[in-house]
Amino acid sequence: MIDVHEMLVIAAVVVLTAGLVIGGAAATAGWLLPGRGRAKVARPRMWGYGTLIGQAGIGTFLFVGPLYGPSMRHVPYAMAGMAVFALGLYVQRLAMRTSS
């Protein structure tokens with residue numbers, strides 16, 4: 001039987017994989033998902049790199065932090081993952097600027 005922890009791990013893997021696919025498509029081909037937010041992104045490749053950085057950070061946070069277990073031993077690594085995630089968001093924000 002599958003328990004709640006396994007369901008959370010599966011959900012995290014699905015979300016991270018989707019983010020990696022979308023970020024990879026944007027970084028390599030400059031392709032973005034259709035929708036209203038597409039018009040806000042001035043540099044799709046840079047946005048894709050920001051997405052990939054953010055996915056690496058949030059993946060690190062999740063799998064060495066809350067989904068790892070109740071151990072406090074990995075807290076510095078989990079917080080480093082959050083810092084990398086914030087860096088990815090910053091790169092995505094820079095990609096929305098038209099010109100410096």
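The values are calculated or read from the model by the stated rules, or taken from the named source; none is laboratory data. Keep in mind it's a predicted model, so treat the numbers as computed, not measured. Cβ: placed from backbone, ideal geometry, glycine included. Neighbour counts: every protein chain shown. For the accessible areas, the whole protein counts, side chains as well, though only heavy atoms, and no ligand, DNA or RNA atoms are used. Shrake-Rupley method; radii C 1.70, N 1.55, O 1.52, S 1.80 Å.
Figures for the structure shown
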read-out: Matching entry among Val21, Val13 (being open to solvent by less than 90 Å² (accessible area, probe 1.4 Å) and assigned to a helix (DSSP H, G or I)); value: Val13
read-out: Every residue from the range 61-100 that is of a type in the set (Val, Ile, Thr), over 24 Å from Met46 (Cα atoms) and in contact with a Phe, Trp or Tyr (Cβ under 8 Å, 6 or more places away or on another chain); value: Val64
read-out: In the range 40-94, the residues that are over 15 Å from the mean Cα position of the chain (by Cα), closer than 24 Å to Asp3 by Cβ and open to solvent by 60 Å² or more (accessible area, probe 1.4 Å); value: Pro66, Tyr68, Pro70, Met72, Arg73
read-out: The range 24-39, residues that are surrounded by 13 or more Cβ atoms within 10 Å (Cβ to Cβ), out of contact with any Pro (no Cβ under 6 Å at 6 or more places or on another chain) and closer than 23 Å to Ser99 by Cβ; value: Ala27, Trp31
